Amino acid sequence: MKPDSLIGLSTGRTTGPIHKALAEIYKAHPFDTSRVTFFGLDEVTNVSRDYFGSCYYMLLHEVIEPLDVPMEHYIMPPTTSDDWDAACARFEGALAQCGQVDLQILGIGGNGHIGFNQPGTSFGQTAWTSVMEPWLYERIRKETNSPEGAPLGGVTLGIKNVMQSKRILLAANGTPKAEIIRAAVHGPVTEDVPASILQLHPDCDVYVDAAAGALL
Ligand code: GLP
């Protein structure tokens, strides 16, 4: 409907199958992807883009290549940098050049995080480097053979950036997400539950399966 859309993606077990379905639709009924621009809202820091767990790698293989999106229309935060403040500013600048984000697709962490904005992050936060949950840190550390204490974190658009998108789609599935979906949708708007800010967005849809929506 808008071939030159700017669309933000996120990675994970929730959005992966959405990307797969999108690729299947494209294969069966090709549409014009020559002008669409995709970006990922977050990335793991201090790993290689060739690592299969990097957001760059996942989105490249799940969306960009299957949909024949031109590589110059694929915008990602870097995985490595010696100046993260400058890298975050460059990432925001590259997006700003494309205009306002038309659609931001989000998953939600079990603790309510969106992107890598963990509980306690200011709602006024712009792009920055944050931390990841300990279980994810350990998984990525092992998968990348990184030493203990390696500086693996998350570079992410901030909550303020996310809220500036024209439209937001948050998806969640499975029983483990039921409690946080209840808190995000019906609970108080609080920095303790980053996704709760979405209650204040004028055009945000939350898609859940029966299990994740059980407490709504
Ligand atoms: C990660 C990503 C988020 C994602 C979240 C949920 O931390 N940085 O962008 O939304 O996890 O992932 P999943 O859908 O696998 O539960």
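So what is the diffusion coefficient of the range 113-216 in µm² per second by Stokes-Einstein at 4 °C and 1.567 mPa s, using a Kirkwood Rh over Cα pairs? Answer from the Stokes-Einstein relation: 88 µm²/s.
Hey, got a sec? Which GluC sites (Glu not before Pro) in the range 148-216 land in a DSSP loop and have at most 14 other Cβ atoms within 10 Å? Answer in residue order: E148.
Tell me the relative contact order for the range 119-216 as a rounded percent, counting alpha carbon contacts under 8 Å between residues six or more apart.
On the way: 138 pairs, mean separation 32.8, N = 98.
Answer for the range 119-216 is 33 percent.
Put simply, the amide H of G154, placed in the peptide plane, has neighbours under 5 Å in T45, S130, V131, M132, leaving out anything fewer than 5 places away on its chain. As a ratio to 2.2 N^0.38 Å, the alpha-carbon radius of gyration for the range 32-83 is 1.15.
Using the alpha carbons of the chain, what is the convex hull volume per residue in cubic angstrom, as a whole number? Let's see the in-between values first.
Values: hull volume 26.2 nm³, N = 216.
Convex hull volume per residue, Cα atoms: 121 Å³.
Rounded to the nearest whole Hz, the Karplus-based 3J(HN,Hα) values (6.51 cos²θ - 1.76 cosθ + 1.60, θ = phi - 60°) of the range 73-80 follow the sequence 9, 10, 10, 9, x, x, 8, 10, with x at glycine and proline.
What's the longest piece of the chain with no exposed trypsin sites (Lys or Arg not before Pro), counting a site as exposed if DSSP puts it in a loop and it has at most 14 other beta carbons within 10 Å?
On the way: sites that count: R13, R35.
The longest uninterrupted stretch comes out as 36-216.
Between amide H atoms placed 1.01 Å from N, distances below 5 Å from Q104 occur with G8, R167, I168, L169, all of them 5 or more places distant or on a separate chain. The ranking of S5, S196 from fewest to most other beta carbons within 10 Å of each one's beta carbon is S5, S196.
3J(HN,Hα) couplings calculated from phi for the range 36-42 with the Karplus curve 6.51 cos²θ - 1.76 cosθ + 1.60 (θ = phi - 60°) are, in sequence order, 6, 10, 10, 9, x, 7, 8 Hz; Gly and Pro show x. Centre-to-centre separation between the Cα atoms of the range 166-196 and those of the range 75-98: 27 Å.
At 222 nm, what helix-only mean residue ellipticity would the chain give, in deg cm²/dmol to the nearest 500, using -39500 (n - 2.57) for each DSSP H run of four or more?
Values: 6 runs with 56 residues, N = 216.
Computed ellipticity for the chain at 222 nm equals -7500 deg cm²/dmol.
Relative contact order, whole percent, for the chain stands at 22, derived from Cα pairs under 8 Å and 6 or more residues apart. Across all C-alpha atoms in the range 72-146, the radius of gyration and Dmax reach 14.2, 39 Å.
FYI, it's all coordinate maths here, none of it is from the lab. Model, not experiment: these values are computed from the prediction. Counting neighbours? That spans all protein chains shown, and the Cβs are built from the backbone with ideal geometry, glycine included.
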